[in-house]
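The values are calculated or read from the model by the stated rules, or taken from the named source; none is laboratory data. Since the model is a prediction, treat every value here as computed from it, not as a measurement. Cβ placement follows ideal geometry from the backbone for every residue including glycine, while neighbour counts extend to all protein chains displayed.
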Amino acid sequence: MKACLFDLDGVIVDTAVYHFKAWRRLANELGFDFTEHQNEQLKGISRMESLERILSWGDVSLSPEEKETWAARKNEWYLAYVRQMTPAEVLPGVKDFLTTLHKNGIKIALGSASKNAPLILERIEMASYFDAVIDGTHTTRSKPDPEVFLLGAQALGFPPSDCIVFEDAVAGIEAAHRGGMKAVGIGSPEVLTEADLVVPGFTQLTLDQLFAL
Ligand code: G6P
Ligand code: MG
């Protein structure tokens, strides 16, 4: 292991909750609802692809212009949460873990589908922790396509086999594997069934566990 690639939403910070709230508001305003279980399918998926899935759950069809309008609305609701974020929202153990990686000469990249990733890193004052940042403005294909992680590995200068991905999304674990990388799931083993290792958070993770992968 020479490099680690981190998803953002749900791994570094719990913005996954804010995405869920904003998408649910959109669904409610369109006259339907969806469950937290369904929401798992949205994690790691781009904004427009998420919208398509939600509309199909509600059996709602919109014109391309209406889709753009609703996606922009959702993003405004989401950003209202993001603008209030502080460094205190970084998930437990994350900063210590990244510092340990650095001290051990391991390179670190962000691999997120979010176009808001740079803003979030700024809000939580963590931009300096990453040697490279790949976000939704750099990619054309959503997870489970491995593009975002392959670009991250390339930016750090290592082959996929030297990289480990950290993900809270089923689609993200699949993206890592399709890119030829190991995947550590952050969350529940019942959800992240394909991960090579699952931990509830970074306080429960040691470097030795990573080297053992
Ligand atoms: C991440 C999240 C998704 C989100 C996507 C796009 O992958 O897990 O829930 O839809 O980013 O985020 P954005 O901030 O660009 O709408
Ligand atoms: Mg995520």
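Give the residue, chosen from G187, G180, that is crowded, with 18+ Cβ neighbours inside 10 Å and over 16 Å from I134 (Cβ atoms).
That would be G187, the only listed residue that is crowded, with 18+ Cβ neighbours inside 10 Å and over 16 Å from I134 (Cβ atoms).
Does L156 meet the test of being of a type outside the set (S, T, Y), within 16 Å of ligand 1 (Cβ to nearest atom) and either surrounded by fewer than 22 Cβ atoms within 10 Å (Cβ to Cβ) or at pLDDT 95 or above (or both)? First the steps, then the outcome.
Values: of a type outside the set (S, T, Y): yes; within 16 Å of ligand 1 (Cβ to nearest atom): no; either surrounded by fewer than 22 Cβ atoms within 10 Å (Cβ to Cβ) or at pLDDT 95 or above (or both): yes.
Criteria not met by L156.
Take T100 and decide whether it is surrounded by fewer than 18 Cβ atoms within 10 Å (Cβ to Cβ), more than 16 Å from ligand 2 (Cβ to nearest atom) and in the same structural domain as E147 (by TED's automatic domain parsing). Give the derivation first.
Values: surrounded by fewer than 18 Cβ atoms within 10 Å (Cβ to Cβ): yes; more than 16 Å from ligand 2 (Cβ to nearest atom): yes; in the same structural domain as E147 (by TED's automatic domain parsing): yes.
The answer is yes for T100.
When segment 142-174 is examined, which residues are found to be over 20 Å from F202 (Cβ atoms), in contact with a helix residue (DSSP H, G or I) (Cβ under 6 Å, 6 or more places away or on another chain) and within 16 Å of ligand 2 (Cβ to nearest atom)?
S142, K143, P144, P146
If you go through segment 166-176 one residue at a time, do you hit one that is more than 16 Å from ligand 1 (Cβ to nearest atom), over 19 Å from V13 (Cα atoms) and in a helix (DSSP H, G or I)?
Initial filter on segment 166-176 (more than 16 Å from ligand 1 (Cβ to nearest atom)): none.
There is no residue in segment 166-176 that is more than 16 Å from ligand 1 (Cβ to nearest atom), over 19 Å from V13 (Cα atoms) and in a helix (DSSP H, G or I).
Return the residue satisfying two criteria in turn: it lies in segment 104-119 and is within 14 Å of ligand 1 (Cβ to nearest atom) and surrounded by fewer than 24 Cβ atoms within 10 Å (Cβ to Cβ), and of such residues it is nearest to S161 (Cα to Cα).
Quick first cut of segment 104-119, residues within 14 Å of ligand 1 (Cβ to nearest atom) only: 110-119.
With the extra rule that they be surrounded by fewer than 24 Cβ atoms within 10 Å (Cβ to Cβ), the set shrinks to 114-116, 118-119.
Values: S114: 25, K115: 27, N116: 28, P118: 27, L119: 30 Å.
So the residue we want is S114.
Please work out which one of (1) in contact (Cβ under 8 Å) with a residue 12 or more places away in the chain; (2) of a type in the set (S, T, Y); (3) farther than 27 Å from F97 by Cβ is the condition S63 fails and give its number.
In the conditions (1) in contact (Cβ under 8 Å) with a residue 12 or more places away in the chain; (2) of a type in the set (S, T, Y); (3) farther than 27 Å from F97 by Cβ, S63 misses (1) alone.
Are any residues in segment 138-149 under 19 Å from I108 (Cα atoms) and of a type in the set (S, T, Y), and if so, which ones?
Passing the criteria: only T139.
Conditions (1) under 30 Å from K107 (Cα atoms); (2) more than 9 Å from ligand 1 (Cβ to nearest atom); (3) surrounded by 14 or more Cβ atoms within 10 Å (Cβ to Cβ); (4) touching a residue at least 24 places away in the same chain (Cβ under 8 Å), marked per residue:
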{"site": "L5", "(1), (2), (3), (4)": "yes, yes, yes, yes"}
{"site": "W23", "(1), (2), (3), (4)": "no, no, yes, yes"}
{"site": "K43", "(1), (2), (3), (4)": "yes, no, yes, yes"}
{"site": "I54", "(1), (2), (3), (4)": "no, yes, yes, yes"}
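Please indicate, with yes or no, whether at least one residue in segment 7-15 is surrounded by 15 or more Cβ atoms within 10 Å (Cβ to Cβ) and assigned to a helix (DSSP H, G or I).
There is at least one residue in segment 7-15 that is surrounded by 15 or more Cβ atoms within 10 Å (Cβ to Cβ) and assigned to a helix (DSSP H, G or I).
Considering each of I134, I164 in turn, give the residue that is under 24 Å from L79 (Cβ atoms) and either surrounded by 21 or more Cβ atoms within 10 Å (Cβ to Cβ) or under 12 Å from the mean Cα position of the chain (by Cα) (or both). Talk me through it step by step, then tell me what you get.
Values: I164 fails: under 24 Å from L79 (Cβ atoms).
Result of the check over I134, I164: I134.
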